[in-house]
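Peer 1: Take this structure first; my questions come after.
Each value in this text was obtained by applying a stated rule to the coordinates, not by laboratory testing. Computed from a predicted model, the values in this text were never measured in an experiment. When we count neighbours, we look across all protein chains shown, and the Cβ atoms used for this are built from the backbone with ideal geometry, even at glycine.
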Amino acid sequence: MLNWQAYPTLKLATQHFGKVPADLSADEQSQLAKMLDHQLAMEARILDYAAQAEMSVSAADLNAALEEVKKAYSDEEAWKASMATVKLDLPSLKEALQRELLVSQVMDKVVENIKPLTEEAAKSWYLDHPRQFLQPERRLVRHILITIDDTNPENYEETSYSRLQNIRSQLISSPGKFADLAMRYSECPTAVNEGKIGLVKAGQLYPELDAVLFQLPERGFSQITRSPMGFHLLWCEKIHAAAPMPLSEAVPKIIEAQLQQAKKKLQKQWLTWLMQQEA
């Protein structure tokens, strides 16, 4: 394997298996090798096309790509350590990134003449497919969390439950105190935002919380509910009933979705054609 190939190998391993190459099983290693061979064969044909078209990558674009890679790590040392584990030095990484950028340039050029839907066509699509634009019920929710910690007497299970039950009692008599009590007592980072989780639809929270939240009336408080995080007190601040997405919001989404779909289709067709050409 050439040194620069360590980068696409690392990307494929983390994207498909969530692991670095060294941690893959024998079966995963075999799958990775096949994926890498296929990707590199396709890239080679694309890069031949780029060379014939005299395409190139600017130093500014290459440096920007390098900085994007570094952003995935906590600091410079963590990045260097990660590169060292896959035996990837800086010149080899730059070579890999240059190849990646050239491939992107070619694929962008393939679809540069695709025209997006007009607004009128997007509006017609919206009117002809109303079910696709029905937004599910959403609920604006805040919570107060008390965690459980067997090493801290204040957060023993029974103590945590009792603490939150006491907070709930205060809220039943004074509902307007939720924001203040959340900031004062909640052990979740949302405490700084008055306990606000935000607008959620079914399936976004822990199942235990989801089941409770979507049974609450508007402005209702939950009973104490346990999740893997600890004990929660939920407040359903507002209910947004299921409703059609507004036309003004749907139209740009339709235009963008159609454009991306058209691009992917044309790129796939072009790649099929390219791979059928004689080398």
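Peer 1: Give segment 41-58 a look and list any residue that's assigned to a helix (DSSP H, G or I), acidic (Asp, Glu) and loosely packed, with under 12 Cβ neighbours inside 10 Å, or say none.
Peer 2: none
Peer 1: Condition first: exposed (fewer than 15 other Cβ atoms within 10 Å of the Cβ) and either among the β-branched types (Val, Ile, Thr) or closer than 30 Å to TYR49 by Cα (or both). Can you find one or more residues in segment 178-201 that meet it?
Peer 2: Yes, some residue in segment 178-201 is exposed (fewer than 15 other Cβ atoms within 10 Å of the Cβ) and either among the β-branched types (Val, Ile, Thr) or closer than 30 Å to TYR49 by Cα (or both).
Peer 1: Quick check on my filter: what residues within segment 81-120 are of a type in the set (A, V, I, L, M), surrounded by 14 or more Cβ atoms within 10 Å (Cβ to Cβ) and without any contact (Cβ under 8 Å) to a residue 60 or more places away in the chain?
Peer 2: MET83, LEU101, LEU102
Matching residues to (1) in contact (Cβ under 8 Å) with a residue 24 or more places away in the chain; (2) exposed (fewer than 12 other Cβ atoms within 10 Å of the Cβ); (3) within 21 Å of the chain's Cα centre (by Cα):
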position: TRP4; (1), (2), (3): yes, no, no
position: TYR7; (1), (2), (3): yes, no, no
position: LEU10; (1), (2), (3): yes, no, yes
position: LEU24; (1), (2), (3): no, no, no
position: GLN39; (1), (2), (3): yes, no, no
position: ASP75; (1), (2), (3): no, yes, no
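Peer 1: Another question, then. Return the only residue of GLN39, GLN52, GLN29 being among the polar types (S, T, N, Q) and over 19 Å from GLN277 (Cβ atoms).
Peer 2: GLN29 is the lone residue from the list that is among the polar types (S, T, N, Q) and over 19 Å from GLN277 (Cβ atoms).
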